[in-house]
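See below for the structure under consideration.
The values are calculated or read from the model by the stated rules, or taken from the named source; none is laboratory data. Just so you know, these numbers come straight off a predicted model, no measurement behind them. Ideal geometry is used to build each Cβ from the backbone, glycine not excepted, and the neighbour counts take in all protein chains shown.
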C-alpha cells in the first residue's frame, strides 16, 4: 500500500523545517554584525544586516519552497501518462 501524504502537509512541514533552520542563523548573524559595529553606527549596521538578510531569506525561501513544489507538480502531472522507453 502506497502512503502519499497530503500535499499541504508536505508544504507546511517543509516550511517549518526551513524556518527552524533559518531563524537561529539569522539571529546569530544579526547579533554578530550589530555587536561588531561601533555604538554610533549600530543603527546603520542593523539596517544593512536586515537588508542583506531579507535578500538571503527570500532567495532561500524561494528555492526551498519553489523547487520541491515544481518537482511535485511535474510528478503529479506525469503520473497517469504512459512511460516512454
Q) Is it the case that residue 64 is in a helix (DSSP H, G or I), at pLDDT 75 or above and surrounded by 11 or more Cβ atoms within 10 Å (Cβ to Cβ)? A) no
Q: Could you tell me whether the range 28-45 includes any residue that is under 21 Å from the mean Cα position of the chain (by Cα), surrounded by fewer than 11 Cβ atoms within 10 Å (Cβ to Cβ) and either modelled with pLDDT of 80 or more or assigned to a helix (DSSP H, G or I) (or both)?
A: yes
